[in-house]
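The values are calculated or read from the model by the stated rules, or taken from the named source; none is laboratory data. None of these values were measured; they are calculated from a predicted model. All Cβ positions, glycine included, derive from the backbone under ideal geometry; neighbour counts span all protein chains shown. Heads up: the accessible areas ignore ligands, DNA and RNA and are worked out on the full protein's heavy atoms, side chains in. Shrake-Rupley method; radii C 1.70, N 1.55, O 1.52, S 1.80 Å.
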Amino acid sequence: MPDLTAAGPEGRAARTALALREATAAGGWSLLDHPMLALEVAGSPVYLEPDAVVVHPDGTWTVVEIKSFPMIDSSADAAKVGAAARQAAVYVLALERVAALTEGAEVGHRVLLVCPKDFSNLPTASVVDVRKQRAVTHRQLTRLTRVEDIAAALPEGTTFDPGRSPEELGTAVDAVPAAYAPECLAACELAFHCRAKARAQGAVEALGRSVRGELGSLTTVAGVLAAAAGKEGDPADPTVAALRRAAALRAEALEGGAPCR
Ligand code: SF4
């Protein structure tokens, strides 16, 4: 277990990279406890701290993720395992950057998930294949708009200095385009601000990503209602046709006095 202490995240990431290179060259087993990895996200470095990384004698590096949810009869909550796999996939991507500069190193796409066994405090482990999650995350990261490009499009003098007045900060935040979705409520401190803005604009994103996906080129609630009422939209568009059919069925149900929810 190499010593990974260093000053600051940058220093710890450099120390981790050195330890990984030395361990690979030594050709034995090594365990890196809470290493620090760097990954470029939208042009800015982000520092990540996996629970552990194992270096195998053949030069393979394996991410180890320790979670507190139980593994009961060798299986765990699929949603929680999925979230852990997505998290581990990001570590795999960060490790691949270091491996590319290390002779004989290869990052394993199977990670070790360690959980409590049944309801005890004994650990148990399972190997999880994260190839799919790694591919999805890689694609999403390459498609992210660079922070410099977003900043360049903002009005001159825009600042997010917390010392500014609420009005000034509100104007600054409004200057940055956002794509609100109900999932934001669980993850982002700006969720209430973005939700109010999305509702004021009648954006269909506020109804959820799946609804947004179904509505194709229709981006506002007013546009959807107009398309359903036959006032707007191309009848050849399958979304418009489906909306009109739904509106006709609804009208028919209401006329017939059938209960409508
Ligand atoms: S709530 Fe947060 S994540 Fe969601 S759109 Fe706004 S800024 Fe982006």
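For region 174-261, what does the relative contact order come out to in percent, with C-alpha contacts under 8 Å and a separation of six or more?
Once normalised by length, the contact order is 17 percent.
Rounded if a/c is under 1.5, else prolate if a/b beats b/c, else oblate: with a ≥ b ≥ c from the C-alpha gyration tensor eigenvalues square-rooted, which is region 11-64?
Because a/c hits 1.5 or more and a/b exceeds b/c, region 11-64 counts as prolate.
Step through the residues of region 16-23 one at a time and calculate ³J(HN,Hα) from phi using the Karplus curve (6.51 cos²θ - 1.76 cosθ + 1.60, θ = phi - 60°), rounding each to whole Hz and writing x for Gly and Pro.
Values per residue, Gly and Pro as x: 4, 4, 5, 4, 5, 5, 5, 5 Hz.
Taking DSSP loops as anything outside H, G, I, E and B, show the longest stretch in the chain free of chymotrypsin sites (Phe, Trp or Tyr not before Pro) there with at most 14 other beta carbons within 10 Å.
My reading of the result: 161-261 is the longest stretch.
Need one word for region 24-138: rounded, prolate or oblate. Basis is the Cα gyration tensor (sqrt eigenvalues a ≥ b ≥ c); a/c below 1.5 gives rounded, then a/b vs b/c decides.
Here region 24-138 falls in the oblate category.
What number in nm² do you get for region 166-255 if you take the convex hull of its Cα atoms and divide its surface by four?
7.4 nm²
Residue separation times 0.36 nm, minus the C-alpha to C-alpha distance between Ala186 and Ala7: what's the value?
That pair, Ala186 and Ala7, stretches by 61.2 nm at full extension.
Would you check the chain for Lys pairs whose C-alpha atoms are within less than 23 Å, ignoring same-chain pairs closer than 8 in sequence, and give me the count?
Taking the Cα cut-off of 23 Å, the pair count is 5.
Keeping every protein chain in place, order Met36, Met1 by accessible area at 1.4 Å, biggest value first, i.e. largest first.
The most accessible residue leads, giving Met1, Met36.
Please give the helix 78-99 orientation as an angle from the longest Cα principal axis of the chain, in degrees from 0 to 90, rounded to the nearest 10.
It works out to around 60 degrees.
What FRET efficiency do you get for Val41 and Ala222 if R0 is 35 Å and r is their Cβ-Cβ distance, rounded to the nearest 0.05?
Step by step, r from the Cβ atoms, then E = 0.50.
Whole number in Å², please: accessible area per residue of the chain, 1.4 Å probe, ligands, DNA and RNA not counted.
62 Å²
Over the chain, what number does the Rg to Rh ratio reach, with both radii from the alpha-carbon atoms and Rh per Kirkwood?
On the Cα set of the chain, Rg over Rh gives 1.10.
Just to verify a number: what accessible area does Arg164 come out at with the full protein assembly present, 1.4 Å probe, Å² rounded to tens?
Accessible area, nearest 10 Å²: 100 Å².
So if a site counts as exposed when it's one of the GluC sites (Glu not before Pro), its DSSP state isn't H, G, I, E or B, and it has at most 16 other Cβ atoms within 10 Å, what's the longest stretch of the chain without one?
For GluC sites (Glu not before Pro) (loop position, at most 16 other Cβ atoms within 10 Å), the longest site-free span of the chain is 1-102.
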